[in-house]
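Working notes for the structure below.
The values are calculated or read from the model by the stated rules, or taken from the named source; none is laboratory data. Note that the structure is predicted; figures quoted are calculated from it, not measured. Because the Cβ atoms are built from the backbone with ideal geometry, glycine has one as well, and the counts that use them run over all protein chains shown. To get the accessible areas, we keep the full protein, side chains included, count just its heavy atoms, and leave off ligands, DNA and RNA. Shrake-Rupley method; radii C 1.70, N 1.55, O 1.52, S 1.80 Å.
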Amino acid sequence: MSEEPRRWVADPGQVSSRVEGETVILHMPSGTYFGLDRVGTHVWDLLAQPRTLEELRDAVVARFEVEPERAEADLRALLADLEANGLVR
(Lines give C-alpha, C1' and ligand atoms only; values in the text may rest on other atoms or scores of the structure.)
Protein backbone atom coordinates (compact mmCIF):
# COMPACT_ATOMS: atom_id res chain seq x y z
CA MET A 1 0.00 0.00 0.00
CA SER A 2 1.54 3.29 -1.06
CA GLU A 3 1.46 6.36 1.11
CA GLU A 4 -0.35 9.43 -0.22
CA PRO A 5 2.03 12.31 -0.98
CA ARG A 6 2.23 15.11 1.54
CA ARG A 7 0.12 18.18 0.80
CA TRP A 8 1.15 21.69 1.82
CA VAL A 9 -1.25 24.56 2.51
CA ALA A 10 -0.93 28.08 3.91
CA ASP A 11 -1.62 28.18 7.64
CA PRO A 12 -4.70 30.22 8.61
CA GLY A 13 -2.73 31.96 11.41
CA GLN A 14 -1.22 34.49 9.02
CA VAL A 15 -2.18 37.48 6.91
CA SER A 16 -0.57 38.23 3.56
CA SER A 17 -0.60 41.12 1.13
CA ARG A 18 0.92 41.77 -2.27
CA VAL A 19 3.26 44.76 -2.53
CA GLU A 20 4.73 45.63 -5.95
CA GLY A 21 4.58 42.03 -7.23
CA GLU A 22 5.96 40.48 -4.06
CA THR A 23 4.19 39.13 -0.99
CA VAL A 24 4.53 40.24 2.60
CA ILE A 25 3.27 37.76 5.20
CA LEU A 26 2.53 38.53 8.85
CA HIS A 27 2.56 35.50 11.13
CA MET A 28 -0.11 36.60 13.61
CA PRO A 29 0.92 34.49 16.64
CA SER A 30 4.53 35.74 16.61
CA GLY A 31 4.08 39.16 14.97
CA THR A 32 6.90 38.31 12.55
CA TYR A 33 6.93 39.57 8.95
CA PHE A 34 8.24 37.56 6.00
CA GLY A 35 8.79 38.54 2.36
CA LEU A 36 8.55 36.49 -0.83
CA ASP A 37 9.87 37.37 -4.29
CA ARG A 38 7.74 36.89 -7.41
CA VAL A 39 8.43 33.13 -7.63
CA GLY A 40 7.67 32.73 -3.92
CA THR A 41 4.54 34.83 -4.45
CA HIS A 42 3.38 32.44 -7.18
CA VAL A 43 3.96 29.47 -4.85
CA TRP A 44 2.19 31.29 -1.99
CA ASP A 45 -0.84 31.88 -4.24
CA LEU A 46 -0.91 28.17 -5.07
CA LEU A 47 -0.78 27.29 -1.36
CA ALA A 48 -4.25 28.76 -0.84
CA GLN A 49 -5.28 25.17 -1.64
CA PRO A 50 -3.49 21.99 -0.49
CA ARG A 51 -0.76 21.07 -3.01
CA THR A 52 1.86 18.35 -3.33
CA LEU A 53 5.51 19.16 -3.95
CA GLU A 54 5.11 17.75 -7.45
CA GLU A 55 2.13 20.01 -8.19
CA LEU A 56 4.05 23.05 -6.98
CA ARG A 57 7.15 22.07 -8.98
CA ASP A 58 5.16 21.55 -12.17
CA ALA A 59 3.43 24.93 -11.76
CA VAL A 60 6.74 26.74 -11.20
CA VAL A 61 8.40 25.02 -14.18
CA ALA A 62 5.42 25.91 -16.40
CA ARG A 63 5.56 29.60 -15.43
CA PHE A 64 9.29 30.32 -15.00
CA GLU A 65 12.42 29.34 -16.90
CA VAL A 66 13.82 26.76 -14.50
CA GLU A 67 14.80 23.11 -14.66
CA PRO A 68 12.51 20.72 -12.72
CA GLU A 69 15.37 19.54 -10.47
CA ARG A 70 16.31 23.09 -9.51
CA ALA A 71 12.67 24.06 -8.96
CA GLU A 72 12.13 21.07 -6.69
CA ALA A 73 15.26 21.75 -4.65
CA ASP A 74 14.30 25.41 -4.22
CA LEU A 75 10.73 24.46 -3.30
CA ARG A 76 11.95 21.98 -0.68
CA ALA A 77 14.02 24.78 0.91
CA LEU A 78 11.16 27.30 0.72
CA LEU A 79 8.60 24.89 2.18
CA ALA A 80 10.97 23.91 5.00
CA ASP A 81 11.48 27.59 5.83
CA LEU A 82 7.77 28.38 5.68
CA GLU A 83 6.97 25.36 7.84
CA ALA A 84 9.67 26.19 10.39
CA ASN A 85 8.08 29.63 10.76
CA GLY A 86 4.52 28.34 11.06
CA LEU A 87 3.33 29.69 7.72
CA VAL A 88 2.39 26.37 6.10
CA ARG A 89 1.19 23.05 7.35
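Points to keep in mind about this one:
- Mean accessible surface per residue for the chain, computed with a 1.4 Å probe while every protein chain stays in place, in Å²: 65
- Dipole-positive endmost among 53, 28, 66 within segment 1-80 (Cβ charges, Cα centre): 28
- Exposure rank, largest accessible area first [11, 58; 1.4 Å]: 58, 11
- Rounded percent of accessible protein surface that carbon and sulfur make up, the chain, 1.4 Å probe: 49
- Its Cα centre serving as origin, the chain has a Cβ charge dipole (Lys and Arg +1, Asp and Glu -1) of approximately 260 debye.
- Once the gyration tensor of the Cα atoms in the chain is diagonalised, the equivalent ellipsoid follows with semi-axes of 21, 17, 10 Å, ordered largest first.
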